[in-house]
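Heads up, the thing below is written out as C-alpha cells.
The values are calculated or read from the model by the stated rules, or taken from the named source; none is laboratory data. All values derive from a computational prediction rather than experimental measurement. Cβ placement follows ideal geometry from the backbone for every residue including glycine, while neighbour counts extend to all protein chains displayed.
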Amino acid sequence: MSGEPARRFAPARLLGARPAAEEQVLLEVEPPDGFLEAHARPGQFCRIRAGGAEGFFAMLSGPGAPPRFLVRVGNPDGGEAADALAALPPGSPIEMTLPEGRGFDLDRARGKDVCFVATGTGVAPVCAAIEHVLADRAAYGALRLDLGLKSAGHLALGPALERWRASGVTIEIAYSTLDAGGALAGASVQDNLRSSGVDLARAAVVAVGQGAMLGALREVIRAAGGDPAGLITNV
C-alpha cells in the first residue's frame, strides 16, 4: 500500500505444524527477539514469510505466551503463505515481523456481559481474547461465544471449547456454507446472537470475521438498541 511504512522481518523458526481440523493447521513458532515483549493485546497479528509467500496471521496465543497460529490451508481464494508454512518440516527457518495492530480493547468490555463472535479461523484471535477475560473473570459478566463453521469437521480447538463451557461460557455453533450463487445457506452467527436473548444494548460484542458479517452484526446491535460503533474488533 502506498505510504505504508516498511515492516521489518526478522529470522524465526517453525517448531511444528499439525492438522487441527478440516482445512486447518495449528502452527507453533519460535519468534524473533522482542516478539513476546511487543505482544501487548490479544487479537494482534504479524506477517510471516515462507516459501516465497507472505501473509498476515493473528495469534491464537495471548500476550506472554509462545506464539501459535490456527491457519486455513487449501484456500482457493489465496493463502499461499499458510500452505507454504503447513508444508515445512519442523525446524525450518521462516521470517516474521513483530506483533502489529491494535488488538482487542477489552477494557471497554469490563463490567459487561461479553459476546464473542467469530467465523472459521477467526476463532484464533477470539480464543486469545476469551482466555484473557477468563484470567480476570470477576471483571466481566456473562460470557458467550457464537462460532460459525462450514461443518462439524471444521471444528478446531475442541478441548478449549469444552474447558470454556466448564468455566460457564455459553457456546453456540452455526453451520453454514455459500451456495452456488454466493448466498449463505444455513445458520449465521448474527442470527444466533439475535435470538440469544442477550441484551445487546448493554453487552459488549467482540468479533472477528469478513466485512459482510461484521456489517450484519452491527445492524443486529443497532436493532437491539445498542451502539454499532461500539463493536470491538482487532482491526
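Here are some notes:
- The one condition from (1) out of contact with any Leu (no Cβ under 7 Å at 6 or more places or on another chain); (2) surrounded by fewer than 14 Cβ atoms within 10 Å (Cβ to Cβ); (3) in the same structural domain as R18 (by TED's automatic domain parsing); (4) modelled with pLDDT of 95 or more that P90 does not meet is (1).
- Among residues of segment 33-48 that are closer than 23 Å to T233 by Cβ, those with a beta-carbon under 8 Å from a residue that is of a type in the set (K, R) at least six positions away or on a different chain give the pairs R41/R102; G43/R102; Q44/R102; R47/R7.
- If the condition is being surrounded by 17 or more Cβ atoms within 10 Å (Cβ to Cβ) and within 16 Å of T97 (Cα to Cα), then segment 62-75 contributes P63, P67, R68, F69.
- Residue list for segment 151-176, restricted to those being under 16 Å from A129 (Cβ atoms) and β-branched (V, I, T): V169, T170, I171
- Residue among R144, R137, R163 that alone is surrounded by 13 or more Cβ atoms within 10 Å (Cβ to Cβ) and either more than 16 Å from the chain's Cα centre (by Cα) or closer than 21 Å to F56 by Cα (or both): R163
- Candidates A21, A53: the one that is of a type in the set (G, A, S) and either touching a Gly at 6+ places or on another chain (Cβ under 7 Å) or crowded, with 17+ Cβ neighbours inside 10 Å (or both) is A21.
- Scanning segment 216-235 for residues that are without any contact (Cβ under 8 Å) to a residue 60 or more places away in the chain and out of contact with any helix residue (DSSP H, G or I) (no Cβ under 9 Å at 6 or more places or on another chain) yields a single hit, G225.
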